[in-house]
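Please read the structure below before turning to the comments.
The values are calculated or read from the model by the stated rules, or taken from the named source; none is laboratory data. This one's a predicted model, so the numbers in the text were calculated from it and none came from an experiment. Here Cβ is always computed from backbone atoms with ideal geometry, including for glycine, and neighbour counts include all displayed protein chains. The protein model used for the area step is the full one, side chains on, heavy atoms only, and it has no ligands, DNA or RNA in it. Shrake-Rupley method; radii C 1.70, N 1.55, O 1.52, S 1.80 Å.
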Amino acid sequence: QVQVVESGGTLVQPGGSLRLSCAVSGRVFTIYAMRWYRQAPGKQREFVAQIVSGASANYEDSVKGRFTISRDFAKDTAYLQMSSLKPEDTAIYYCNVFADGLDYWGQGTQVTISS
């Protein structure tokens with residue numbers, strides 16, 4: 001059974017930085033893409049960033065230049081380094097993994113940006 005677990009969410013002041021982690025465990029052969037989504041209160045879940053085959057990264061426009069996605073192949077873990085955080089970045093951040101032809105989701109980690 002494949003598990004996806006996010007961690008690192010917490011309360012941060014505006015302008016601060018935070019790194020989220022997404023760890024994959026279980027019987028996985030090939031992870032094609034690892035993605036971050038977020039869902040703010042009262043809003044739909046939205047795409048934030050993805051890293052495909054560990055090389056190509058894409059970002060939602062509002063986070064470009066502030067967020068960086070990376071992947072540690074040895075640990076089957078993806079990271080989302082977030083900087084210059086804004087109150088509008090407040091959301092539950094979810095990790096999505098596309099592996100072996102299937103989609104897997106984590107339970108999410110809460111990120112709150114507030115002074």
Mind listing whichever residues of region 2-12 are in a strand (DSSP E or B), open to solvent by less than 50 Å² (accessible area, probe 1.4 Å) and farther than 17 Å from ALA91 by Cβ?
VAL4
Apart from one, (1) in a loop (DSSP other than H, G, I, E, B); (2) touching a residue at least 60 places away in the same chain (Cβ under 8 Å) all hold for VAL24; the odd one out is (1)
Does TYR79 count as touching a Gly at 6+ places or on another chain (Cβ under 9 Å), open to solvent by less than 40 Å² (accessible area, probe 1.4 Å) and farther than 15 Å from GLN107 by Cα?
yes
Among ILE69, ILE113, which is open to solvent by less than 50 Å² (accessible area, probe 1.4 Å) and out of contact with any Phe, Trp or Tyr (no Cβ under 9 Å at 6 or more places or on another chain)?
ILE113
What pairs come up if the first residue lies in region 41-56 and is farther than 16 Å from THR109 by Cα, the second is aromatic (Phe, Trp, Tyr), and their beta carbons are under 8 Å apart, counting only those six or more places apart or on different chains?
GLN50/TRP36; VAL52/TYR32; SER53/TYR32; GLY54/PHE73
Condition met for VAL97 (touching a residue at least 40 places away in the same chain (Cβ under 8 Å), touching a strand residue (DSSP E or B) at 6+ places or on another chain (Cβ under 6 Å), buried (at least 17 other Cβ atoms within 10 Å of the Cβ) and farther than 16 Å from VAL2 by Cα):
no
The number of residues in region 28-39 that are in a loop (DSSP other than H, G, I, E, B) and farther than 16 Å from GLY106 by Cα is 2
Scan region 13-20 and tell me whether some residue there is closer than 17 Å to VAL2 by Cβ, assigned to a strand (DSSP E or B), in contact (Cβ under 8 Å) with a residue 24 or more places away in the chain and open to solvent by 30 Å² or more (accessible area, probe 1.4 Å).
no
Members of region 40-66 that are exposed (fewer than 11 other Cβ atoms within 10 Å of the Cβ) and in a strand (DSSP E or B)
SER56
Name the strands (runs of 3 or more DSSP E) wholly inside region 67-107 in which the number of residues that are within 13 Å of GLN50 (Cα to Cα) is 1 or more.
67-72, 77-82, 91-99
Selection from region 34-77 of residues among the aromatic types (Phe, Trp, Tyr) and modelled with pLDDT of 95 or more yields TRP36, TYR37, PHE47, TYR59, PHE67
